[in-house]
Every structure is written in C-alpha cells, then in structure tokens.
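J.: Attaching a single structure in structure tokens format; questions to follow.
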Amino acid sequence: MSGPKRFWTDVAVVEWGGGYSVALDGRQIKTPAKQDFIAPTRALGEAVAQEWREQGERMNPKAMPQTRYVNSVIDGIAPQRAAVVGTVAAYGGSDLLCYRAEHPEELIARQAERWDPMLTWAVETYNAPLILTAGIMPVSQPEPSLKRLAAAVDAHNDFALAGLHDLVSISGSLVLGLAVSAGRLDSAAALSLSRLDDDWQIEQWGADEEATETAAKKAADFGEAERLINLTRDA
C-alpha cells in the first residue's frame, strides 16, 4: 500500500518556539495531534528535514524514524512523562542482565564475562548494585538501587527519554539502555549483549529467516533510538 503523494518541493529548518521546526514550501509541519512540531536542537531538526527531503513520489512513514520520534514525544510522552519514566525505570526490577542460565557451563561463563562488567558499571556510575539469579524465578532488587536508577531515567529530557524507552524495551535491560545513553556502549555493542542468549541458540541450532529479519529490524530501531539521544544531547 502506497502512502500519501508527496506535495512539497522545498524543505527548510526554521527557528520556532524556542526550538527548531521544519517547513515544507514555507509552511511549518504539525504533529498528528495538530500541535506545533518543535525539535529541541538544530541537529534533530536537520535530521527530520533530511527525512522529508529523501521521500519519493509517495510518502513512506517507516523511513522517517526521527520525525515519528518528535511526533510521539510532543503528542504522547510530554503529556504523561511521569508514567513513561515509571515504565522505563520498572525494567530495573527485572533487568535481563540479572537473569542467568543454569546450564550449560559455557553459556554461564559467557554471561558472566560479558554481562558482569555492565553491572559493575551500574554500581560505579549510579551506586546501584543488582542481585543475580539463575533461571526465570524473579528476584527482588534493592529498593535504593531501583530509586537511583529511576532518578537516572528521570534525568533525561523528554526526547532522550523516548530514545531510552526504546533502548530499554528492545533490549530488556535498563542497565544497557542507560549505558548507551551515557556513551558507555554504542547501540551495536549493547544490542549484541542483549542478544547473548539468542546468539547462543543460533550457534547451537542455526538461524531461521524470520528470526534474522526480526533481529535486523530491532538493530535498525535500536540504532535510531541511540541517534535520537545523540541528536538531543545538548537540549
């Protein structure tokens, strides 16, 4: 199914409302909820403008991730920021890195080698030690650690929060999401850590086409989330 037909020729970034908007043939775009479309940094405004410039004869919203992010922040995240912070912070109570395999020994060792340094980083950076468990039985994490991790989430501006939300929800790890946001890891390294168990299974049994396509989409989405944070780092 093709999208709406392209109706503009010129795309420009304009200062507006304390930030930067995008104008199509001189008319500023709006969010789906008809609010002013305002990016907090020129870098994000330019990234959005480039997405509009690269559209073909028919619009393809899937090829406009940064545009979608700005829309979702203005229309969805900003009005319910506290709820979004809570949703993201809640991952600290069930962080992927804390749930270890019971067997085989090689997988147990691989998890320890690759995941333990990130948990150490969380202690050093946020004073937030987390408890490990084997298997799928839930473990209660220390409340002071969860509060400090929640404060780290809340320290993000609305746009960076949108990126962090996707980093955390895709990886299943608040620690990995915060590590990307803080520049401790890039998105490729963090996603690789989050896929450690999946990659182990692939090594044993091979990959199927559907799983490979899903992994590629997650990698693209993960990268765009990191990019959003970087584009709004000075906001």
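The values are calculated or read from the model by the stated rules, or taken from the named source; none is laboratory data. Small disclaimer: the values here were computed from a predicted structure and weren't measured. Backbone-built Cβ (ideal geometry, glycine too); neighbour counts: all protein chains shown.
J.: Whether any residue in the range 221-232 is within 28 Å of GLY135 (Cα to Cα) and either basic (Lys, Arg) or assigned by TED's automatic domain parsing to the domain that holds LEU97 (or both) is what I want to check.
T.: There is at least one residue in the range 221-232 that is within 28 Å of GLY135 (Cα to Cα) and either basic (Lys, Arg) or assigned by TED's automatic domain parsing to the domain that holds LEU97 (or both).
J.: Further question: Contact list please: Cβ distance under 9 Å, first residue in the range 1-19 and in the same structural domain as LEU44 (by TED's automatic domain parsing) and in a strand (DSSP E or B), second residue at pLDDT below 95 and surrounded by 12 or more Cβ atoms within 10 Å (Cβ to Cβ), pairs at least six apart or on different chains.
T.: LYS5/MET59; GLY19/ALA235
J.: Same structure again: Residues of the range 139-157 being surrounded by fewer than 16 Cβ atoms within 10 Å (Cβ to Cβ) and in contact with a helix residue (DSSP H, G or I) (Cβ under 7 Å, 6 or more places away or on another chain), which ones?
T.: VAL139, ASP154 - these are the residues of the range 139-157 that are surrounded by fewer than 16 Cβ atoms within 10 Å (Cβ to Cβ) and in contact with a helix residue (DSSP H, G or I) (Cβ under 7 Å, 6 or more places away or on another chain).
Per-residue answers, yes or no, for (1) surrounded by 14 or more Cβ atoms within 10 Å (Cβ to Cβ); (2) touching a residue at least 40 places away in the same chain (Cβ under 8 Å); (3) in contact with a Lys or Arg (Cβ under 9 Å, 6 or more places away or on another chain); (4) within 16 Å of GLU224 (Cα to Cα):
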residue	(1), (2), (3), (4)
LEU24	yes, no, no, no
ASP36	no, no, yes, no
PRO61	no, yes, yes, yes
ILE77	yes, yes, no, no
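J.: Separate question: So, restricting to helices (runs of 4 or more DSSP H) that lie completely within the range 125-235, which ones have at least 1 residues that are aliphatic (A, V, I, L, M), under 22 Å from THR87 (Cα atoms) and at pLDDT 95 or above?
T.: 143-154, 158-171, 174-181, 187-194, 209-231
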